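Comments concern the structure below.
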Amino acid sequence: MSTVWMNELSWVDYQARMTGDKPPVFLPVGALEQHGPHLPLGTDALLSAAVAFDAAVRVGGLVAPTLSYGYKSQPKCGGGQHFCGTTSVDAATLIGSVRDAVREFARHGVNRLVVLNGHYENQWFLIEGIDLGLRDVGPGATLEVMRLEYWDFMTPATLTHVFPEGFPGFALEHAAVMETSMMLHYHPSLVRLDLIPDDGPADFPPYDIYPARSDWVPPSGVLSSARGADAAKGRLLAQEVSARIAQAIATGFR
Ligand SMILES: [Zn+2]
């Protein structure tokens, strides 16, 4: 069996890998969240899994099934919870899922786990889940966990190329040029270029209000324009990110 998808292996084949070449295991984490009228609700989960797949191919790794529900969408980086279809979990739920996954992977001999995040709001809860999972496993464990946001592997030179009019920052890069380009590369049949809205860029005050103000957010849910997205940019971003994540795996673990 040469698949990189863990859930396509039998337990016998998985055990042979865990006692043999001990591959790094990727755990992609995403969200089920509005991404404008032109991208699917599963964009963050689809992209984190696709990047994990590419990186796993480069390093001989395995990709575990994606955690596809994320922490609650925030107006300033995901549009907020008021959009139909944005289906989120409480922080404790996400923390618990990651904690359990870390403990279970360790129990079966994984010694390099890569938690690959594709949804901005998840970050601190992944950190907490990893911390509690490692505490459960105890100090004698051989498991190390690498946690990353895939967009942090984009170089300034590439961002300058992809955003010739200036990079708006990753928080506002929601359903915009980066994600739309990467979806055009990985899942072109799921992108509706004809439906890219003209809203934005969103302009937020330097504070939050609760309950969240839905009127701060462009009605389309897109926080900066996706115009300028294309598949070539997506391929460039995908290749750079997967190559640099592979490099990090080669050098970053003990
Ligand atoms: Zn997204």
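The values are calculated or read from the model by the stated rules, or taken from the named source; none is laboratory data. Given the structure is predicted, the values throughout are model-derived calculations rather than measurements. Using ideal geometry, Cβ is built from the backbone for each residue, glycine included, and neighbour counts are taken over all protein chains shown. Note: accessible area is taken over every heavy atom of the protein model, side chains too, but ligands, DNA and RNA are not part of it. Shrake-Rupley method; radii C 1.70, N 1.55, O 1.52, S 1.80 Å.
Which residue, of Ala16, Ala45, is in a helix (DSSP H, G or I) and buried (at least 20 other Cβ atoms within 10 Å of the Cβ)?
Result: Ala45 is the single residue among Ala16, Ala45 that is in a helix (DSSP H, G or I) and buried (at least 20 other Cβ atoms within 10 Å of the Cβ).
How many of the residues in the range 174-191 are surrounded by fewer than 22 Cβ atoms within 10 Å (Cβ to Cβ) and either modelled with pLDDT under 95 or more than 16 Å from the ligand (Cβ to nearest atom) (or both)?
Residues that pass the stated criteria total 2.
Taking the condition of being of a type outside the set (D, E, K, R) and within 12 Å of the ligand (Cβ to nearest atom), how many residues in the range 40-62 meet it?
The qualifying residues number 8.
Return the total of residues in the range 19-33 being open to solvent by 10 Å² or more (accessible area, probe 1.4 Å) and within 15 Å of the ligand (Cβ to nearest atom).
Number satisfying all stated conditions: 1.
Being within 16 Å of the ligand (Cβ to nearest atom), in contact (Cβ under 8 Å) with a residue 60 or more places away in the chain and closer than 24 Å to Thr251 by Cα, is that true of even one residue in the range 97-113?
no
Return the pair list, or none, for Cβ contacts closer than 8 Å from residues in the range 75-92 that are within 15 Å of Glu173 (Cβ to Cβ) to residues that are within 13 Å of the ligand (Cβ to nearest atom) and part of a helix (DSSP H, G or I), at least 6 apart or on different chains.
Cys77/Tyr120; Cys77/Glu121; Gly78/Tyr120; Gly78/Glu121
Residue by residue, here is whether (1) within 11 Å of the chain's Cα centre (by Cα); (2) under 30 Å from Ser214 (Cα atoms); (3) hydroxyl-bearing (Ser, Thr, Tyr) holds:
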position	(1), (2), (3)
Glu8	no, no, no
Val12	no, no, no
Thr19	no, no, yes
Pro23	no, no, no
Leu41	no, yes, no
Val51	yes, no, no
Ser73	no, yes, yes
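Test each condition in (1) of a type in the set (Asp, Glu); (2) closer than 21 Å to Leu223 by Cα; (3) open to solvent by less than 70 Å² (accessible area, probe 1.4 Å); (4) part of a helix (DSSP H, G or I) for Glu104 and report the one that comes out false.
For Glu104, the exception is condition (2).
Please state which one of Pro65, Pro37 is open to solvent by 40 Å² or more (accessible area, probe 1.4 Å), more than 13 Å from the ligand (Cβ to nearest atom), in contact with a helix residue (DSSP H, G or I) (Cβ under 7 Å, 6 or more places away or on another chain) and within 20 Å of Ser181 (Cβ to Cβ).
On inspection, the qualifying residue turns out to be Pro37.
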